[in-house]
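First up is the structure itself, then whatever we jot down about it.
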Amino acid sequence: MANGFVYLWENKINGMMYIGSHKGNIDDSYIGSGVFFKRAYNKNPNNFKRTILYIGNDFIKVENDILKKYDLANNKNFYNLKNEAVGGWEHTHTNKETIKKRASAISKSKKGKRYYHLDYDKSGFNNPMYGKKHNEETRKKISCKLKGNNNKSKKVLDVCSNKIYNSVSDCAKDNNISVSTMCVLIRNKEIKRGNCKGKIFKYA
């Protein structure tokens, strides 16, 4: 039986992401332990969407492989601070009785609560065969999430003014927003709010 999973949280507003793993199941209301990620998440949980990358016994190894392969600690589009799957409460508390008491206390504190941010379509995740081809599936999912990073060197067109920028960075700087936010806004649709309200950007 699978005893853990690897997850990806994505900030729907600025495109920032966080990858982590957890010993447990996807319905146990676990959020994550990253310092920067939790700080951003706690400000507005509704801004975040979770994607499950892997379910199985090798969750720590899978997380490690992803962190190292994509060097997420040095990727400014991620909240991750380390390229190792370390940290978390159980790494420093190994006494079984202490862990049992803590788990019981957490369970009581969550009893009766509903976590609306986890109300998403879980079809397929509860299938016992889900994740069997985890190496291939995980690579596809993380590559899909990271593919936007390859567009940073592309030219960007401001459709409204016909101005062409040599890169996403130049466009972001001229509009006084972050590069990650700029990547989210380049979708050939009118922007409804913020510094770029009323503008339309697309890759040239």
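The values are calculated or read from the model by the stated rules, or taken from the named source; none is laboratory data. Since this is a predicted model, take the numbers as computed values, not measurements. Positions of Cβ are generated from backbone atoms using ideal geometry, with glycine treated the same way; all protein chains shown enter the neighbour counts.
The rows are residues; the columns are (1) within 26 Å of Asn75 (Cα to Cα); (2) modelled with pLDDT of 90 or more; (3) among the small types (Gly, Ala, Ser); (4) under 24 Å from the mean Cα position of the chain (by Cα).
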site	(1), (2), (3), (4)
Leu146	yes, no, no, yes
Asn149	yes, no, no, yes
Ser153	yes, no, yes, yes
Val159	no, yes, no, no
Ile200	no, yes, no, no
Residue ID - farthest from Ala85 (Cα to Cα), chosen from residues in segment 18-36 that are at pLDDT 90 or above and not in a loop (DSSP other than H, G, I, E, B): Tyr18
Checking Glu84 against (1) acidic (Asp, Glu); (2) at pLDDT 85 or above; (3) not in a helix (DSSP H, G or I), only one condition comes out false. Which one? (2)
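Quickly run through segment 48-74 and pick out the residues that are among the basic types (Lys, Arg) and within 15 Å of the chain's Cα centre (by Cα).
In the first step, residues of segment 48-74 are kept if they are among the basic types (Lys, Arg); the result is 49-50, 61, 68-69.
If the condition is that a residue be among the basic types (Lys, Arg) and within 15 Å of the chain's Cα centre (by Cα), then Lys49, Arg50 are the ones that fit.
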Only residues in segment 6-29 that are under 18 Å from Met182 (Cα atoms) count as the first member; pair them with residues that are of a type outside the set (Lys, Arg) and assigned to a loop (DSSP other than H, G, I, E, B), Cβ under 8 angstrom, at least 6 apart or cross-chain, and list the lot. Glu10/Met16; Asn14/Ser178; Gly15/Asn77; Met16/Asn77; Met16/Tyr79; Met17/Asn77; Met17/Tyr79
Is one or more of the residues making up segment 20-31 surrounded by fewer than 14 Cβ atoms within 10 Å (Cβ to Cβ) and among the aliphatic types (A, V, I, L, M)? no
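Report yes if Asn74 is at pLDDT 90 or above, surrounded by fewer than 16 Cβ atoms within 10 Å (Cβ to Cβ) and within 30 Å of Ile186 (Cβ to Cβ), otherwise no. Working first, answer last.
Details: at pLDDT 90 or above: no; surrounded by fewer than 16 Cβ atoms within 10 Å (Cβ to Cβ): yes; within 30 Å of Ile186 (Cβ to Cβ): yes.
In short, no.
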Quick one: Glu63 ticks every box in (1) in a loop (DSSP other than H, G, I, E, B); (2) touching a strand residue (DSSP E or B) at 6+ places or on another chain (Cβ under 6 Å) except a single one, so which number is it? (1)
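Regarding segment 36-59, can at least one residue be identified that is in contact (Cβ under 8 Å) with a residue 40 or more places away in the chain, acidic (Asp, Glu) and loosely packed, with under 15 Cβ neighbours inside 10 Å? Give the steps one after another, and end with the answer.
Applying the first criterion (in contact (Cβ under 8 Å) with a residue 40 or more places away in the chain) to segment 36-59 yields 36-37, 45-46, 48-59.
Filter once more, so that each one left must be acidic (Asp, Glu): 58.
Cutting the leftovers down to loosely packed, with under 15 Cβ neighbours inside 10 Å gives us none.
Among the residues of segment 36-59, not one is in contact (Cβ under 8 Å) with a residue 40 or more places away in the chain, acidic (Asp, Glu) and loosely packed, with under 15 Cβ neighbours inside 10 Å, which makes the answer no.
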May I ask you to verify whether Asp121 is among the acidic types (Asp, Glu), over 24 Å from Phe78 (Cα atoms) and at pLDDT below 85? yes
